[in-house]
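Reviewing the structure listed below.
Where a number appears in this text, it was derived from the coordinates with a stated rule and is not lab data. Note that the coordinates shown come from a computational prediction; the quantities given were computed from them, not determined experimentally. Every residue, glycine as well, gets a Cβ built from its backbone with ideal geometry; the counts of neighbours run over all protein chains shown.
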Amino acid sequence: MARRVDRPRKLTESATRPPLEREFSAGGLVYRRRGGEIAVLLAARRGPTGKLVWTIPKGHVEPGETSEMTAVREVREETGIEAEIEGKLGDVTYWYARRDPEGRPVRIFKRVRFFLMRARGGRFADRDAEMDAVRWFSLDEAEQTVAFPNERELIRRARGVLSTG
């Protein structure tokens, strides 16, 4: 039996990468203290399987907004809770892909700035319809529940800040 020898193929045109876009968002890990216990606020949407995907509230920075303004607005819109920023928690960066309106692939480089925020009032009933669920979790529960490892790290960081404060 003759052995096949792979030969390099001649390229007729150079390879191209999909265009790159950058996105900037901001959000907040909101906490409250009750009876010496700390609880943090998470919000969830239903994923493709119908299961709730829990995350820290966040959203796009709108024109004219600072990241701090965006974090306060997004927390209020997605959860109904009014909160104030106590400090920067950290930035998360990641890549993802989507299709443009013509169906062409686009690479997205996203940076999300997260803040540690203290709850000051509000009601879950006053949130918009963007999220399917909102709930307070203990720090341990939140760390186990959030969908993304980078958000688990933010919760661990918040634990360190809140345990010393």
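Please get the size of the charge dipole for the chain, origin at its Cα centre, with Cβ charges of +1 on Lys and Arg and -1 on Asp and Glu, quoted in debye to the nearest 20.
On the way: 33 positive and 26 negative charges, 201 e Å.
The calculation lands at about 960 debye.
Computed from the C-beta positions of residue 73 and residue 133, the FRET efficiency with R₀ = 25 Å rounds to 0.80.
Relative to the longest principal Cα axis of the chain, at what angle does helix 149-164 sit, 0 to 90 degrees, rounded to 10? So the inclination is approximately 30 degrees. For the pair residue 84 and residue 150, what calculated FRET efficiency results from E = 1/(1 + (r/R0)^6), where r is the Cβ-Cβ distance and R0 = 22 Å, to the nearest 0.05? E(calc), rounded to 0.05, equals 0.40.
A Gaussian network model of the chain, with springs between Cα atoms under 10 Å, assigns the largest mean-square fluctuation among 111, 34, 152 to 34. When the Cα positions of 19, 116, 164 are compared along the charge dipole of the chain, 19 comes out farthest toward the positive end, with charges on each C-beta of Lys, Arg, Asp and Glu. A dipole drawn for the chain from +1 and -1 charges on Cβ atoms has a positive end, and of 54, 101, 137 the residue lying farthest that way is 101.
Assign unit charges at the C-beta atoms only (+1 for Lys and Arg, -1 for Asp and Glu), then state the dipole size of the stretch 76-165 relative to its Cα centre in Debye, rounded to the nearest 20.
On the way: 18 positive and 17 negative charges, 78 e Å.
For the stretch 76-165, the charge dipole is close to 380 debye.
Under a 5 Å amide H cut-off, with hydrogens placed 1.01 Å from N, residue 53 pairs with 45, 46, 47 among residues at least 5 apart or on other chains.
If you run the Gaussian network model on the chain, springs between alpha carbon atoms under 10 Å, then out of 54, 95, 136 the most flexible one is 95.
Normalised by 2.2 N^0.38 Å, where N counts its residues, the alpha-carbon radius of gyration of the stretch 1-155 equals 1.40.
In deg cm²/dmol, rounded to 500, what helix-only [θ] at 222 nm does the chain give when every DSSP H run of at least 4 residues adds -39500 (n - 2.57) and the total is split over its residues?
On the way: 3 runs with 36 residues, N = 165.
Only helices count here, giving -7000 deg cm²/dmol.
DSSP bridge analysis restricted to the chain gives an antiparallel fraction near 75%, rounded to the nearest 5.
Relative to the longest principal axis of the Cα atoms of the chain, the long axis of helix 67-79 makes an angle of roughly 80 degrees. Tell me whether the stretch 47-110 comes out rounded, prolate or oblate; compute the Cα gyration tensor, take square roots of the eigenvalues as a ≥ b ≥ c, and use a/c under 1.5 as the rounded threshold. Since a/c reaches 1.5 and a/b is larger than b/c, the shape of the stretch 47-110 is classed as prolate.
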